[in-house]
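Contents: one structure, followed by commentary.
The values are calculated or read from the model by the stated rules, or taken from the named source; none is laboratory data. All values reported here derive from a predicted model rather than from experimental measurement. As a convention, Cβ positions derive from the backbone with ideal geometry for all residues, glycine included, and neighbour counts pool all protein chains shown. The area values use the complete protein model at the heavy-atom level, side chains included, leaving out ligands, DNA and RNA. Shrake-Rupley method; radii C 1.70, N 1.55, O 1.52, S 1.80 Å.
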Amino acid sequence: MKNIKILVLLILFPLSLFVLSLTIGSTQHVGLVELFQRMCLQLGLIQDQHLLADGSLNTILWQVRLPRVLLTFMVGAALASSGGVLQAIFRNPIVDPFTLGISSGSAFGAALAMLFPIMSVNLSAFIFGVCAVGLTYMVSYSGARTSIVGMVLAGMVISGVFTALLTLLQYLSDPYKLQAIVQWTMGNLHTASWSKVYNAIGPISVGLLVIVLYRWKLNLLSLGDQEALAIGVNPRIIKLILIGVATMITASAVAAVGVISLFGLIIPHISRMIFGPNNNISVWANISIGGSFLLLIDDFSRAVMPFEIPIGVFTMIVGAPLFIYLMRRNAMNWNS
């Protein structure tokens, strides 16, 4: 029964949703049969002059929808995995990339690059995401150790500082750049392109691979530093590696699509609620459920409204009630 649940939720459902997402759009819906035919046409398996004549639909499918679906899944997987890793490291179910200042720092860095194009948006987002985590660690460091509560509180302060700096950038920018920055800070997927996919796929794929390889060590970190040391694992090194990886994939996601609130907080709770607290499984669940859930929200935003609402707004509207329900059901119990 457990293997069936893993097969359906972690493999079959994401694949089905991925294909279904290609058929949904605000301008033109495509049937599954026609989508299959056009996939075969694109791969050169068939030749159909009627399908070739409708070049606009081919452009919509392969140059607009496919990169958007790929980018959406990658970003959802990255944010969910980052949140799950941070919650396991700090043994705190309310920690996410926003809590430690990663998202706010990356958002400020990306906005700064948009306003003053000295470096690329991705590089600037990563640098300031790392700076935010570094500042959080420095502020919370006391007496040759860093407490979990102290780091979370320091992260909230650093996050507030970078949010204030981002607001200052918006105040100083001209109307055209202000509009772009505001839309970007609300999270948007309508600007998805192959170039953004190529920029994000490298760091996100490498980061997710590292998390998968270290998934069993997350279970040891969840037990505590002393227990990890007793087994022969250096928790400090593992934490630095995983926090660095979480920063990298979060910064890449934020640079690609902007700020998506609450996502890295909620999805790990859903994964644990379905599969339990074992990180050997929940790491895979965060990747699959995170990508699928963001795809589902994006499909809803594209299909329901004649105009697109920023994805960050949707995740907040959908995520806040869901998190309140999970909080009341599990009473914020880490082992629920």
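Sort out which residues of segment 200-236 are at pLDDT 90 or above and either of a type in the set (Ser, Thr, Tyr) or open to solvent by 30 Å² or more (accessible area, probe 1.4 Å) (or both), and write them in order of number.
ILE201, GLY202, PRO203, SER205, VAL206, LEU209, VAL210, LEU213, TYR214, ARG215
Hey, can you tell me all the residues within segment 171-190 that are in contact (Cβ under 8 Å) with a residue 40 or more places away in the chain and under 21 Å from PRO97 (Cβ atoms)?
Of everything in segment 171-190, those that are in contact (Cβ under 8 Å) with a residue 40 or more places away in the chain and under 21 Å from PRO97 (Cβ atoms) turn out to be ILE181, GLN183, TRP184, THR185, MET186, GLY187, ASN188, LEU189.
Just to be sure, is PHE98 assigned to a helix (DSSP H, G or I), of a type outside the set (Gly, Ala, Ser), within 19 Å of the chain's Cα centre (by Cα) and surrounded by 21 or more Cβ atoms within 10 Å (Cβ to Cβ)?
Judged against the criteria, PHE98 is not a match.
Cβ-Cβ distance below 7 Å, separation of 6 or more or different chains: which pairs start in segment 226-241 with a residue that is closer than 17 Å to LEU213 by Cβ and end on one that is assigned to a helix (DSSP H, G or I) and modelled with pLDDT under 80?
PRO235/ASP225; PRO235/ALA228
Here is a list: VAL304, VAL318, VAL313. Which entry is of a type in the set (A, V, I, L, M, F, W, C) and farther than 25 Å from ALA246 by Cα?
VAL304
State yes or no: is ALA107 open to solvent by less than 20 Å² (accessible area, probe 1.4 Å), within 22 Å of ALA154 (Cβ to Cβ) and part of a helix (DSSP H, G or I)?
yes
Report whether or not VAL85 is at pLDDT 85 or above and of a type in the set (Val, Ile, Thr).
The answer is yes for VAL85.
Hey, ASN279 hits all of (1) surrounded by 15 or more Cβ atoms within 10 Å (Cβ to Cβ); (2) out of contact with any helix residue (DSSP H, G or I) (no Cβ under 6 Å at 6 or more places or on another chain); (3) touching a residue at least 60 places away in the same chain (Cβ under 8 Å) but one; which does it fall short on?
Every listed condition holds for ASN279 apart from (2).
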